[in-house]
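K.L.:
One structure is given below, represented as structure tokens, and several questions about it will come after.
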Amino acid sequence: MGRLPPTPATIILSFRFDFLHIMKSYRKELWFNVPTRVAFINITSQIDECLDESGVREGLVLINAMHITASVFINDDEPGLHHDYDAWLEKLAPHAPVSQYRHNVGEDNADAHLKRQIMGREVVVAVTRSSSR
Amino acid sequence: MGRLPPTPATIILSFRFDFLHIMKSYRKELWFNVPTRVAFINITSQIDECLDESGVREGLVLINAMHITASVFINDDEPGLHHDYDAWLEKLAPHAPVSQYRHNVGEDNADAHLKRQIMGREVVVAVTRSSSR
Amino acid sequence: MGRLPPTPATIILSFRFDFLHIMKSYRKELWFNVPTRVAFINITSQIDECLDESGVREGLVLINAMHITASVFINDDEPGLHHDYDAWLEKLAPHAPVSQYRHNVGEDNADAHLKRQIMGREVVVAVTRSSSR
């Protein structure tokens, strides 16, 4: 008389592991204190840390701003360029006069909403063999 | 004499369900009639509805414009801000004179192509435990 | 005396194939020689080719620029519009004078970093039944 071996599920799944891409997901919120009205913060090492924690080796990583006056973007971390972005965004969407914007009733950040649209909300990055490119 | 129980596949898959993330995908097209040249339409409730219909509890949702003179973006649904976006986009990429744009041969929407590049084509949003953030 | 049939893993997985969405990923780098300072290159057919090679029938495709002064975007492939984008980007983020940008120490491409932020870094496109939309 035969019976099913004690752990068939384990045997079958591990045997076929390479056929079966088990999909994971990992989520983390990063919080930043920003002492100035505008700031550029390099978060690359925090993202690398998230990738390590996630154990994801192949897939996509979405990095997005939660606030609607903040942006996530990928470009040079170079102070001259950050100055240029700051001055340029200020030229395209000036902060003042605050009263030029209808949004600025009890607020003064209408320009920040506009600036964010230029710089973008998110980046989606390919993860391959656990190095993000 | 033993034999394999009648529904081994079902037993194994349901037993190991928590190890096995079964991947789904869901697609829906949303259509809008827009009576003016420029309009801002809040589609948040339609997106929430799609998420419910999809049954996806963890993953990513891509919301993109199909037309190349339309944008999908995330920001305040506030009429003052919409007025500010409208006026600002008109300043950065004016509609008139129509003849300033080489694209405007038999068309008059070159400015709309430019405005869309500022506002963006898509958003990719994280879905966690069935609430989109 | 019974025993487990010789290939139960195969039987179970193939039987349940429609329940089990096996996730694939595919990655390819495309390289372009660009003889001018600014160029618009239509890469749609290369993307279609990648989709065919990947065998992906349902999912997402991320197409992103690797260089930080390049953009991937979706819009009309029309020479008049390309001229308009070129002239408009030059108006919003002029190349010259090169010295107006602090980034331009030993470089002259600060404007290209700014232009790229307007046009965007990537597109994420839905793949359905092996046709990208």
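None of the figures in this text is laboratory data; all of them are computed from the coordinates on show. Because the structure is a prediction, the values reported are computed rather than measured. All Cβ positions, glycine included, derive from the backbone under ideal geometry; neighbour counts span all protein chains shown.
K.L.:
Are there GluC sites (Glu not before Pro) in the range A:15-95 that DSSP puts in a loop and that have at most 16 other Cβ atoms within 10 Å, and which ones?
P.N.:
Working: sites: A:29, A:49, A:53, A:58, A:90; in loops: A:29.
Answer in residue order: A:29.
K.L.:
When you look at the Cβ of every residue in B:113-120, what mean number of other chain Cβ atoms sits within 10 Å? Please list the in-between numbers first.
P.N.:
Details: counts 7, 8, 0, 3, 11, 9, 2, 8.
Taking the mean over all residues of the peptide, I get 6.
K.L.:
Here is a follow-up. For residue B:105, place a label point 7 Å from Cα along the Cα-to-Cβ direction in every copy; what are the distances to the other copies, in nm, shortest first?
P.N.:
For residue B:105, the other copies' label points sit at 4.7, 4.7 nm, shortest first.
K.L.:
Sticking with this structure for a sec: Which lysines does residue C:28 reach when only Cα atoms under 29 Å apart count, and residues fewer than 8 places away in its own chain are ignored?
P.N.:
Within the straight-line cut-off, residue C:28 pairs with A:24, A:28, B:24, B:28, C:115.
K.L.:
Then there's this: Using a Debye calculation, one point per C-alpha and no hydration shell, please list log10 I(q)/I(0) for the range B:44-129 at q = 0.21, 0.25 Å⁻¹ in order.
P.N.:
For the range B:44-129, the Cα-only Debye profile gives -1.02, -1.23.
K.L.:
On to the next question. Place the label 7 angstrom along Cα→C-beta at residue C:34 and in each other copy, then list the distances from the first to the rest in nm, shortest first.
P.N.:
2.8, 2.8
K.L.:
When the C-alpha atoms of the range C:53-97 are aligned to their principal axes, what extent does each axis show, in angstrom, from largest down?
P.N.:
Result, largest extent first: 47, 24, 15 Å.
K.L.:
Let me ask something else about it. R0 = 30 Å: FRET efficiency of residue A:99 with residue A:129, Cβ-based, nearest 0.05?
P.N.:
The value I calculate is 0.05.
K.L.:
Above 11 Å lies some portion of the pair distances; for the range B:93-133, what is it as a whole percent of all C-alpha pairs? Mind dumping the intermediate values first?
P.N.:
Values: 556 of 820 pairs.
Counting pairs separated by more than 11 Å, the tail of P(r) holds 68 percent.
K.L.:
Also: With a point put 7 Å past each Cα toward its Cβ, work out how far residue B:27 is from residue B:83 in nm, to one decimal.
P.N.:
Result: 4.1 nm between the two label points.
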